[in-house]
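Asks: Below is the structure I would like to discuss, written out as structure tokens.
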Amino acid sequence: MALYTKFRDQKLHSRLLIRHLSATATTTVSPSAILSPSDSSAVLTAKQKSRAALHLLRSENEPSRIVDICRAAALNPSSHLDRNAFSSAISKLSSSQSFSSIRSLVDDLLLSSKNPNPRFVSHAIVLFGHAGMHDDALRAFRSLPSPRSLNALLFACIISNNHSELAKIFREYPTIYGVSLDLETYNTVIKSFAESGTTRSFYSVFDEMLKRKIKSNTTTFCNALEGFYKEQRFDDVEKVLELMRKHDCNPGVSTYNVRILGLTKLGKSEQAKELFGEMLKKKVETLRRHWEFARIQW
């Protein structure tokens, strides 16, 4: 009963908070006054601050206010809600080309510590990539070179559509900065091949993985399959499926998902239906959300 009462009170408080935020959204009340009130009885929990920040960001377009909201909420990438808030803020600031505000925000909240937090640095790199600020992403990486930050830098290149730079970083940075490569590194590189129309480079990278004794997983092959379907290289699709069998990686729902959506996007609905039937016959577990796109197309 006590737990129910606590949950009910929290829910009521959240409703009142959202109502209050809606009323103050068009006023000149500072974000810090809302998110960090002086009245001790109105102090918000970390989760309430995150929700409030997200709510305020939805209706805010002024760069300085966006930065103030994020600072007042003391966003932390360890929180899923805060990551959403960061993403919303960076999207809005990028749209208005407020790059100095992005730099100030990310540096202040994620890179200001004398002892950089690996998670914070990696998230900063991705946010800079989201904004297309490659030089700043490089700066963040150099503050703490590691396999984790290297993978974040490669991912930042993908989301900023900078595939040629990704290839250079992949080949040069491990040696320059003494950073080792792991499975995520190779999977990210193969994803870049798939998105840039150069999926046949998969084979050389896969051979390198074997030489380094880095064991591939479903993501490795699914990334390659996605690219080969986009490029309509169906012989290569069969080669990748054979490699999966050879390396004891049995096709599951993720593999069928990539293949069925790949065929559907190419307008090959009948082949997609046949593959779906094969999946059901093999009793591969399906996820409804995976087939929503295909169902609409069929």
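The values are calculated or read from the model by the stated rules, or taken from the named source; none is laboratory data. All values reported here derive from a predicted model rather than from experimental measurement. Every residue, glycine as well, gets a Cβ built from its backbone with ideal geometry; the counts of neighbours run over all protein chains shown.
So that you can scan it fast, the table gives a plain yes or no per residue for (1) closer than 24 Å to His247 by Cα; (2) in a helix (DSSP H, G or I):
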position: Leu153; (1), (2): no, yes
position: Ala156; (1), (2): no, yes
position: Ser164; (1), (2): no, yes
position: Ala167; (1), (2): no, yes
position: Thr175; (1), (2): no, yes
position: Leu181; (1), (2): yes, no
position: Val189; (1), (2): yes, yes
position: Ser204; (1), (2): yes, yes
position: Asn223; (1), (2): yes, yes
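Asks: From Thr255, Thr219, grab the single residue that is in a helix (DSSP H, G or I), modelled with pLDDT under 95 and among the hydroxyl-bearing types (Ser, Thr, Tyr).
Replies: On the way: Thr219 fails: modelled with pLDDT under 95.
Exactly one residue qualifies, and that residue is Thr255.
Asks: Okay, moving on. Can you tell me how many residues within the range 255-286 are closer than 13 Å to Ala224 by Cβ and either in contact with a strand residue (DSSP E or B) (Cβ under 6 Å, 6 or more places away or on another chain) or among the small types (Gly, Ala, Ser) (or both)?
Replies: Just the residues of the range 255-286 that are closer than 13 Å to Ala224 by Cβ, to begin with: 255, 258-259, 262.
Within this subset, residues satisfying the condition of being either in contact with a strand residue (DSSP E or B) (Cβ under 6 Å, 6 or more places away or on another chain) or among the small types (Gly, Ala, Ser) (or both) are 262.
Result for the range 255-286: 1.
Asks: Look through Arg83, Arg119, Arg65 and report the one residue that is in contact (Cβ under 8 Å) with a residue 12 or more places away in the chain, assigned to a helix (DSSP H, G or I) and more than 18 Å from the chain's Cα centre (by Cα). If you could, list the steps in order and put the result at the bottom.
Replies: Details: Arg83 fails: more than 18 Å from the chain's Cα centre (by Cα); Arg119 fails: more than 18 Å from the chain's Cα centre (by Cα).
Every option except Arg65 fails the conditions.
Asks: Only one residue in Ile125, Ile169, Ile176 is surrounded by fewer than 19 Cβ atoms within 10 Å (Cβ to Cβ), of a type in the set (A, V, I, L, M) and either more than 21 Å from Phe86 (Cα to Cα) or free of Cβ contacts under 8 Å to residues at least 60 places away in the same chain (or both), so which one is that? Give the derivation first.
Replies: On the way: Ile125 fails: surrounded by fewer than 19 Cβ atoms within 10 Å (Cβ to Cβ); Ile169 fails: surrounded by fewer than 19 Cβ atoms within 10 Å (Cβ to Cβ).
Unique residue meeting the criteria: Ile176.
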